[in-house]
Amino acid sequence: MTKSNWKNLINEQMAALGVQNSAYNSAIETLAGILEQRDRTFKEFKGSGGKSVIEYTNKGGSTNMTKNPLLVLWDDLNKSALAYWRELGLTPSSYKKMTGDTVKKEKAGGLAAALASVKFD
């Protein structure tokens with residue numbers, strides 16, 4: 001997904017949670033960039049075979065197995081994104097800390113409510 005698509009999605013999520021504020025624009029911009037880079041890195045990782053470990057030949061000529069650098073970068077980008085999600089209140093625990101409340105769940109209606117009320121012996 002592109003940076004602008006990520007930015008729109010993040011803004012939609014924040015608006016839905018009621019935590020949107022123009023003071024967060026720079027953090028949203030940064031998070032969108034991180035997520036775009038994460039997506040590109042994962043695509044490159046999959047395109048290169050998607051192996052979690054690869055052979056690496058050092059200066060001495062020895063070949064060893066090492067973690068795939070693309071997978072390591074992807075994991076680092078995920079961790080960076082998580083830090084921004086927390087900062088923006090987009091995880092359940094950070095949302096609760098920001099608002100003092102939990103996310104409101106919609107009540108099931110119609111068929112879902114009827115099925116939920118059925119008791120089995």
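Between Asn58 and Ser4, the modelled labels are 4.8 nm apart [label points 7 Å from Cα along Cα→Cβ].
What is the calculated FRET efficiency for Val19 to Lys46, with r their C-beta to C-beta distance and R₀ = 30 Å, to the nearest 0.05? Here the calculated transfer efficiency is 0.35. Highest mean packing comes first when the peptides 50-61, 12-23 are listed by Cβ atoms within 10 Å, giving 12-23, 50-61.
Simple point charges give the picture: +1 on the Cβ of Lys and Arg, -1 on the Cβ of Asp and Glu, and for region 3-117 a dipole about the Cα centre of about 160 debye.
Rule-based calculations on the coordinates, nothing more; no lab input. This is a predicted model, so every value here is computed, not measured. Methodologically, a virtual Cβ is constructed for each residue, glycine included, from the backbone with ideal geometry; neighbour enumeration extends over all protein chains shown.
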